[in-house]
Each structure stands twice: as C-alpha cells, then as structure tokens.
Amino acid sequence: MTRKKMWYIAGSSLAVVLGIYFIGAIYFIQHFNPGTSFKTHTIEYQTVDKAAQTVGKSWLSEEYYVVEDGKKLATYTAKELGVNIDVNKTLNEMLKRQNAFSWPITLLQGKLISAESLSADELDVNEKQLDEFVNQLNINNSTRHASKDATIKINEEKGLFDVEPEVEGNIVEMDSLKEQIVQRLLDDSRTVNLKDVYEKPKVTVEDKRINDDVKKMNEQLDLKITIEYQNSKVDIPREELAKLLTIDDQLNITVNSEAASAFSSKFSREVGTYFKTREFKSTNRGIINVPPGTYGWSVDVEKLSKDLTDIIKKGKDGTIKAALQGSGITRPDDIGNTYVEVSLADQMLWVYKEGQIALQAPIVSGHPKTPTYPGVWYVWTKQRNAVLKGINGRSGQSYAAPVSYWMPFNWDGYGMHDSPWQPAYGGASYLTAGSNGCVNVEPSTMATLYNLVGVDTPVIIY
C-alpha cells in the first residue's frame, strides 16, 4: 500500500469519526445525553416532549414517607401536596444546561446523570395543602422534650467547673419539616426522618467558647475575696464563689445576680445580730433565750451583692467593706452591759448601767389578750408630755392617754411610759389591768427611768 493511500484511509476514517461526533452533537442539542435521568426515570436519547411523556404523571404519584424511630407515620405524593411543576419547562432548562458535545463521554461513563439542577423554586406548592398534611401527622411538640444546650456546672467532687454535655431533644422544627417534605420530591431519597428536623442544641461540648469559659471560671475560683465587718474578716470559700459564677446566653462569663443576692442575705443573717435569737443572762431566771426584736444590725444586702459582683467581674483579689445598718453597730459585744431588762413572769424591770443595777421597779405589762411581745428591742426616741392614741385591743374603743414620759422601743407603738391610772404594779395586776402592750411604770419611777436610759439603749423583754 502506497503512503498516499494510507493517508487517504486515515483521513477518511477521521472524517467519518468527526462526522459521527458532530452528527451526535447536533442530535443531542435536541435530545438528552446518554445516561441522563429525571428523578428515577431514564430519559437518555429522548426529546423534551418524549421525556415529558416518560415522566408523565408517574412523578406526581410516586410515594414518599415520613418516619420516626423506624415507624412509618405517613405516606404522601406530590399530587397530595398540591404540587405543580412544569415538567416541559424543567426539562427544557435541563437540556439547555447539558453540553451536547460531551455525549461521547457520558456514553462511555455508562452511568445515569440525575437531574441535580431541579430546585424547590421550580415547584409550585400549595401551602394550604402542605399545612394540612403536616397537621395530620399529629406532631404535638408540647408533649416532647426540648434540646438543652451544653452548659457549665460545678463538679463537686473535683471542686472545679466542667462542661455538662448538651441533651438532644425531639421537638420538631415545623418549618424544616415542611422543607424536607418538599425536598424529597427533588432528590433521590423517598423518606423524611423526623429526627433530621429535631431542634438542635445551639451549644455543644465541642464549642470552643464554652471550653474557654470553663478554663477562665476555674481560674476565678482561686480569687481571694475578703469581706470586712466591724472588727472581723471573712474569706469567701471556694465553693461559695462557684455558686456565683455563670454564663449568659452569649456564653459570656457573668455573676448570677440571684445567687449573689442569696449569698449576701445568708451572710447578713449569719454575721448580723438583727435576726439573732440571743442567750441572755437574766437577773432572776438564769440563762434564757430571747427572740429577735428591733435591736441589732444587718448587712446592706443590696450593696454587698453589687460589690461582690463588681469585684468578681474584675477578676482580681480584693476586700469588701460591708455596709452595716440597724442599731448596736458600734457595740462589738452586742447588748453590752448597759440595758433595760423586763421580766414578764416577774412583772419587774431593771436598769443596768455598766453592769450594775441602777434601778429596779415593778411594772404592769400587756393584758393576756393584748400582750407585751418578748424580744430584744431598743429605745429609738424619748418624748416628754406625749398623748398616746390608739384602739383598745380588748374593747375596740379608741383612746387618747396623756403621759409625762414616753420611751417607744418598737415600731408598733409599744414603749415604756408612766401610767397614773394604774391602781397597783407588779404581781398579777396585768391579768386584769394589763396594758395594750406597753410597759406601764409608776409615775415617780418613770421619771428616774427616763433620765437613766438614753436613746439606742437595748430593752430586753422575756
């Protein structure tokens, strides 16, 4: 064979191949490439019209499923959802997007090319029918449990903060469910699993931010915060600091305001005297317990809570000088050795000055129906020539009683005063001639009492 003939044959073969290629390219301008499918329907070598006939009504009647925990909850079709789709339009768009010159490649690949270009935008969904279908699923989120974000909790065994893992819930995110129901019409899967549309925790144990917070909060547990009051100092224990630290919704470390207030209230009750039941050495009856009254001091809880919050946020060691309020603040020994003692059982009154009895006198206390209340009180003011007004607790009648000396010791109108109307003092007089709650003193004795006892003096009644 001559060289010329060989070149002729080679050229002819190439021309045939190119001819077939270009004829195929022209053919696949109007036909789908080999291996093309729409959903589960093979439409290779078909025109748009033919492919539309192939897909036909079957796509709208294909069944899809909603399941949860392996249980089928419902079956649906595109037609039941009121879905409309212009298949011709969609197929035309698919044909325009395909590369007709790539037909030999798709032919050699020997596998189907699915219509990935189909999107929800090309579907016309009847929202009312979709809502009705979803409602028929009877998904009651009120009976399901919500997801919980990972959070920070104190590990009491370690004495350190740890990340408490998130908890997966099963509340269904309804908008996501609707999206998935529609999406199944577009992809190869036929199943919507409710688990895929559960509301997810927003914060997990893998979240870097929350793990960084744990590290910082554990560092803050080493803070030394001291509270000073009167002549005493108290360091806040590590375990108490742990109760005060928390994180907000944005994972910022902050102070739990309720915990700070609770700590401050507890601290005030522990160190203060206002709420304190006291052991008292009485004149005639030995050591007795006297309930709290108006005498005593407490810590300014609001201010302590604020100071505590501020110092923790700074993240540095520090000292808080607790603000005190009430009476007896300047008395480090609380009641001290100057006070008025009233024994309801003995119907007696004693005035102690510097530990010594300066006055002793019989009294008339409240009638059994309008008793004098036990407690540790204090003289909060003194007044000459006062008129005491009120309602008699036994008769219900109003009264206005002029007195020469008035020394109130609580906020309810009870106090010590002279009572010239009393026929007798001491003994059992209070059973019949008892007061409305005040401590009645003989007029001549009351003048001495008034001059002996100053404002802020404790009054112990038992």
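Kindly indicate the residue of segment 277-297 that is open to solvent by less than 20 Å² (accessible area, probe 1.4 Å) and not basic (Lys, Arg) and also nearest to Gly326 (Cα to Cα) among those meeting that condition.
The residue in question is Trp297.
Any residue at all in segment 303-323 that's small (Gly, Ala, Ser) and open to solvent by 60 Å² or more (accessible area, probe 1.4 Å)? Looking through segment 303-323, none of the residues is small (Gly, Ala, Ser) and open to solvent by 60 Å² or more (accessible area, probe 1.4 Å). Please work out which residue is surrounded by the fewest Cβ atoms within 10 Å (Cβ to Cβ), limiting yourself to segment 51-86 and to residues that are at pLDDT 80 or above and on the phi > 0 side of the Ramachandran plot. It comes out as Gly70.
The rows are residues; the columns are (1) over 30 Å from Lys158 (Cα atoms); (2) of a type outside the set (Gly, Ala, Ser); (3) touching a His at 6+ places or on another chain (Cβ under 9 Å); (4) not in a strand (DSSP E or B).
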site: Ala260; (1), (2), (3), (4): no, no, no, yes
site: Phe263; (1), (2), (3), (4): no, yes, no, yes
site: Lys276; (1), (2), (3), (4): yes, yes, no, yes
site: Asn289; (1), (2), (3), (4): yes, yes, no, no
site: Ser298; (1), (2), (3), (4): yes, no, no, no
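Restricting attention to segment 325-344, the residues that are more than 23 Å from Pro408 (Cα to Cα) and touching a residue at least 12 places away in the same chain (Cβ under 8 Å) add up to 1. For segment 43-87, enumerate the residues that are more than 30 Å from Gln98 (Cα to Cα) and small (Gly, Ala, Ser). Listed by number, the residues that qualify are Gly70, Ala74. What tally of residues in segment 136-157 results from selecting those that are under 29 Å from Arg209 (Cα atoms), free of Cβ contacts under 8 Å to residues at least 12 places away in the same chain, open to solvent by 80 Å² or more (accessible area, probe 1.4 Å) and not in a loop (DSSP other than H, G, I, E, B)? Residues in segment 136-157 being under 29 Å from Arg209 (Cα atoms), free of Cβ contacts under 8 Å to residues at least 12 places away in the same chain, open to solvent by 80 Å² or more (accessible area, probe 1.4 Å) and not in a loop (DSSP other than H, G, I, E, B): 1 in total. Would you mention how many residues in segment 105-130 are farther than 25 Å from Glu80 by Cβ, at pLDDT below 80 and among the aliphatic types (A, V, I, L, M)? So the count comes out to 2. In a helix (DSSP H, G or I) and under 33 Å from the mean Cα position of the chain (by Cα): is that true of Ile320 in this structure? No.
The helices (runs of 4 or more DSSP H) located wholly in segment 1-104 that include 3 or more residues which are closer than 30 Å to Tyr198 by Cα occupy 58-61.
Residue under question is Ile357, and the condition is that it be under 30 Å from Lys224 (Cα atoms), open to solvent by 50 Å² or more (accessible area, probe 1.4 Å) and of a type in the set (A, V, I, L, M); does it hold?
Against the criterion (under 30 Å from Lys224 (Cα atoms), open to solvent by 50 Å² or more (accessible area, probe 1.4 Å) and of a type in the set (A, V, I, L, M)), Ile357 does not qualify.
In the set Val192, Val205, Val197, Val234, only one residue is among the aliphatic types (A, V, I, L, M), touching a residue at least 24 places away in the same chain (Cβ under 8 Å) and under 15 Å from Phe161 (Cα atoms); that residue is Val205.
Let's see how each residue does on (1) among the polar types (S, T, N, Q); (2) over 30 Å from Ile23 (Cβ atoms); (3) in contact with a strand residue (DSSP E or B) (Cβ under 7 Å, 6 or more places away or on another chain):
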| residue | (1), (2), (3) |
| --- | --- |
| Glu62 | no, yes, no |
| Asn84 | yes, yes, yes |
| Phe101 | no, no, no |
| Gln109 | yes, no, no |
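Residues checked against (1) closer than 17 Å to Ala242 by Cα; (2) not hydrophobic (A, V, I, L, M, F, W, C):
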site: Leu186; (1), (2): no, no
site: Thr191; (1), (2): no, yes
site: Pro201; (1), (2): no, yes
site: Thr204; (1), (2): no, yes
site: Arg209; (1), (2): no, yes
site: Met217; (1), (2): yes, no
site: Gln220; (1), (2): yes, yes
site: Leu223; (1), (2): yes, no
site: Ile227; (1), (2): yes, no
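Looking across segment 331-363, the residues that are under 22 Å from Gly296 (Cα atoms) and either touching a Pro at 6+ places or on another chain (Cβ under 6 Å) or assigned to a strand (DSSP E or B) (or both) come down to Ile335, Tyr339, Val340, Glu341, Val342, Ser343, Leu349, Trp350, Val351, Tyr352, Lys353.
Here Phe161, Phe101, Phe133 are screened, and the one residue that is out of contact with any Phe, Trp or Tyr (no Cβ under 7 Å at 6 or more places or on another chain), at pLDDT 85 or above, more than 29 Å from Ile210 (Cα to Cα) and hydrophobic (A, V, I, L, M, F, W, C) is Phe101.
Identify the residue in segment 413-423 that is of a type in the set (Gly, Ala, Ser) and assigned to a loop (DSSP other than H, G, I, E, B) and, among all such residues, is surrounded by the most Cβ atoms within 10 Å (Cβ to Cβ). So, considering only residues that are of a type in the set (Gly, Ala, Ser) and assigned to a loop (DSSP other than H, G, I, E, B), the one surrounded by the most Cβ atoms within 10 Å (Cβ to Cβ) is Ser419.
Yes/no matrix, rows are residues, columns are (1) part of a helix (DSSP H, G or I); (2) open to solvent by less than 60 Å² (accessible area, probe 1.4 Å):
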| residue | (1), (2) |
| --- | --- |
| Ser395 | no, no |
| Val403 | no, yes |
| Trp406 | no, yes |
| Trp411 | no, no |
| Tyr425 | no, yes |
| Thr432 | yes, no |
| Gly437 | no, yes |
| Ser444 | yes, no |
| Tyr450 | yes, yes |
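In this structure, Val376 qualifies as outside any helix (DSSP H, G or I) and surrounded by 22 or more Cβ atoms within 10 Å (Cβ to Cβ).
The values are calculated or read from the model by the stated rules, or taken from the named source; none is laboratory data. Source: prediction; values computed, not measured. Note that we place each Cβ from the backbone using ideal geometry, even for glycine, and neighbour counts take in every protein chain shown. What goes into the accessible areas is simple: the full protein's heavy atoms, side chains included, and nothing from ligands, DNA or RNA. Shrake-Rupley method; radii C 1.70, N 1.55, O 1.52, S 1.80 Å.
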